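Just so it is clear, none of the values below were taken in a lab; they were calculated from the coordinates. Here the structure is a predicted model, which means the values were calculated and not measured. FYI the Cβ positions are ideal-geometry reconstructions off the backbone, even for glycines, and counts take in every protein chain you see.
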Amino acid sequence: MDLTLSPGEEAFRDELRAWLAENNPGREPAGDEAAFEFRRSWQRKLHDAGWAGVSWPKEYGGRGATLVEQAIFNEEMVRARTPSVANVLGLAMGGPTVIAHGTEEQRKRYLPAILSAEEIWCQGFSEPGAGSDLASVKTRAVRQGDEWVVTGQKVWTTFAHHAKWCMLVARTNPDAPKHKGLTYFLMDMEQDAVQVRPLRQITGESEFNELFIEEARIPHENIVGAEGEGWAVAITTLMHERATLAFGLQVSVQIALRELIESAHQARGLNGAVATEDPVIRQRLAQLMIESEVLRLNAYRGLSAIMRSGVPGPEGSLGKWHWSEVNQSLTELAMEIAGPRAMLSESEQNWSYRFLRARANSIEGGTTEILKNIVAERVLGLPRMR
Amino acid sequence: MNFGFTDDQQAIKRTAHEFLEARYPAATVRRLAEDERGFTDEQWAELVELGWPGVIVPEEADGLGLGAVELVVIAEEMGYALAPSPWFSTTCAALMLVAAGTEEQRERWLGPLARGEARGTLAVWDEKAGWAPDHSEVEPDSDGKLSCVKIAVPDAAGADFLIISGADGRHYLVEHDVSDPGITLVAEPAIDPTRKLFRVELSGAQVQPLEVAPEAIARAYATIVTLLAAENVGAAQRAMEMAVTYAKDRTQFERPIGAYQAVSHRCAQMLLEVEGSRSLCYWAAWALDNEPETAPRAASMAKAYAGDAGFRVTASALQVHGGIGFTYEHDLHFFLKRTHANAHAFGDSRWHRDRVADLAGV
């Protein structure tokens, strides 16, 4: 057991830190368009320096980093509070899916523009009638010659209004069992048959969109994997979403917790003294410190298990679920520490926003209930609920 | 970066698992739980054969000279098997002597401990003082004689010497001479029958102080709480496995109960808490051996989390078993009792969380 970084890993981290110290552009500007352009130029800067797609193989423009280096990268980016990149979904999900299931032509066609943020990607999985039960999607694709004609509706489509490509799961065989009749397409968003409408969230923002698709055209060559294999390809996308998130998420929780402790030092507790001297608040802050340490350690234990055996250990599937609970308790405690200010929506550290935003954590990227099903069935081997 | 055991540590874990599985099946654990002494000389001799009483005793004193990671590996398996044994109490005594024993004390006891010729224990809680592990008010008189009452002292009857905690972090060694009227041991009824607890009454007993070594003693206590946390990891793992097996086998309303999410999600929650406890324990053990500045925080985190999780997981496993889980005939209650007792030994979860806050400057 060695929980320190090897000299090579330390060198990787130091190189990244030095680069970030020189190049981190800081806070992004207000306004959707300005923020988007800011994120795009930040991603270009990363790409030019070889920091986009660190986990991708070198032959596809990535850095070919080891698993530990990828973890270090994700941690350091959050620790340095770098802004988001423009093509989050292309880098984290679309690219890895094309690398795993795409043809060589598709890899050459799509991967460079993902890395450079020239083409932004979005994800067309969920539908109004297909959320947790993703395999029941109703969006239909019908073949006409060399093209597929697609009609349906998608929802929770992040970044759709900036996107060139949509990772679209559609039903190509309505007669097959529901997991077998799906195909994974790359749909060009720049056509009139695709209409994007922003969805307003409880925070007032519009991170997500609805897609209305009315006879959109997709060339046959834009299928990823084979016709009817869409479910397996979609699972790859989702696994990448959950696996790559863990390291950044645990660091963001640690940062938020430090900020919360600072807030608590400035606030009053139940007994009128400083909040950190309120025994109940102290207990809950300490519990959050412990839980955030568990997030970090489980992420590293999962990584070591993958390196040793090639497959993720049981603790890997727990990360996203546990993180959502920790982040929700953290923001709930922040509101308690805020006292009467919890009724107001303005605060220096934006706790009321974070409190509301955290409600989505246990829903987005797989609800807690679905993740518990996965743990129960695939890790513990309990019978399927159906 | 490698959060896994070395080959040697894996081998210790495998040996411990196989040995304990063969020698401490549930029926044996139950018999020892109901037995007044709680272990046999033959069973102790087998542990001695494996070198376990001397895991952290230096090699020059016939020990194995290993570290906290190896201790934690064994403690986790001891918890999994729920093997009743004076191994824990003797390990506590060994840790204290290695940390702060005088040269004479180490010379006199470490070799016999490692060779299994002697056993020791650690007496922490005053009958009347606070319940935190550092709240003792015991002080010897001017002649170096000690009078006090300590409660919940593990395996005291079979111990050849006791280490007594006192005021200001001082500790004292007292030899256990059965003919000495200054020492009285009374078996106390305990919630957890797999670990025998005693009331120790000293009246003018002759004691020898250990060295004043606050940092080394703090490290010994941090190791002890990590061992208790590791026992809880093993015990909770076993209870979870029992619950999962039962949920697959038990049928109600024409389905195995594990197909109902009210049951399966309960089991998933057990895994979350068992794995979280395990990660913290391994980290604490590693820090004790490699990163002393992190060890106090890591050990308290492990104890607080595994203390709570151990009880919650075993209680949840009992709920999955329904009525049968509440019977004395079923083995589950032994695991619930051990994890519960461990949660309250050497600082409960509240005490350790408060320490976590202190250490972080909150």
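Comparison of B:231, B:241, B:215, B:254 shows that the only residue that is surrounded by fewer than 20 Cβ atoms within 10 Å (Cβ to Cβ) and away from every other protein chain (no Cβ under 14 Å) is B:215. Residues in the range B:189-217 that are closer than 28 Å to residue B:36 by Cβ and assigned to a loop (DSSP other than H, G, I, E, B): B:189, B:190, B:191, B:192, B:193, B:194, B:195, B:196, B:207.
Would you confirm, using the coordinates I've provided, whether residue A:294 is surrounded by 19 or more Cβ atoms within 10 Å (Cβ to Cβ), away from chain B (no Cβ under 11 Å) and not in a loop (DSSP other than H, G, I, E, B)?
No.
Can you tell me which residues in the range B:245-304 are polar (S, T, N, Q), within 26 Å of residue B:75 (Cβ to Cβ) and not in a helix (DSSP H, G or I)? Matches in the range B:245-304: B:294 only. The set of residues in the range B:259-286 being farther than 13 Å from residue B:229 by Cβ and either of a type in the set (A, V, I, L, M, F, W, C) or more than 8 Å from chain A (Cβ to nearest Cβ) (or both) consists of B:259, B:262, B:263, B:266, B:267, B:268, B:270, B:271, B:272, B:286. I'd like to know if the range A:99-108 contains one or more residues that are under 22 Å from the mean Cα position of the chain (by Cα), farther than 20 Å from residue A:228 by Cα and assigned to a helix (DSSP H, G or I). Yes, the conditions are met somewhere in the range A:99-108.
With respect to the conditions (1) over 18 Å from residue A:240 (Cα atoms); (2) within 14 Å of chain B (Cβ to nearest Cβ), residue A:36 falls short on a single one, namely (2).
Let's see how each residue does on (1) in a loop (DSSP other than H, G, I, E, B); (2) within 14 Å of chain B (Cβ to nearest Cβ); (3) at positive phi; (4) among the β-branched types (Val, Ile, Thr):
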position	(1), (2), (3), (4)
A:346	yes, no, no, no
A:354	no, no, no, no
A:358	no, no, no, no
A:364	yes, no, no, no
A:371	no, yes, no, no
A:377	no, yes, no, no
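The residue that is nearest to residue B:225 (Cα to Cα), counting only those in the range B:54-81 that are of a type in the set (Val, Ile, Thr) and in a helix (DSSP H, G or I), is B:72. Of the residues in the range B:303-323, none is under 22 Å from residue A:299 (Cβ atoms), facing another protein chain (nearest Cβ under 9 Å) and more than 22 Å from the chain's Cα centre (by Cα).
Within the range A:244-255, is even one residue in a helix (DSSP H, G or I), within 30 Å of residue A:142 (Cα to Cα) and in contact with a Phe, Trp or Tyr (Cβ under 7 Å, 6 or more places away or on another chain)? Checking the range A:244-255: not a single residue is in a helix (DSSP H, G or I), within 30 Å of residue A:142 (Cα to Cα) and in contact with a Phe, Trp or Tyr (Cβ under 7 Å, 6 or more places away or on another chain). Scanning the range B:1-46 for residues that are within 14 Å of chain A (Cβ to nearest Cβ) and acidic (Asp, Glu), we see that the one that is surrounded by the fewest Cβ atoms within 10 Å (Cβ to Cβ) is B:7. Look at the range A:267-285: where a residue is in a helix (DSSP H, G or I) and a partner is buried (at least 21 other Cβ atoms within 10 Å of the Cβ) and not small (Gly, Ala, Ser), sitting 6+ places away or on another chain with Cβ atoms under 6 Å, you get A:275/A:281; A:275/A:337; A:283/B:353; A:284/A:333.
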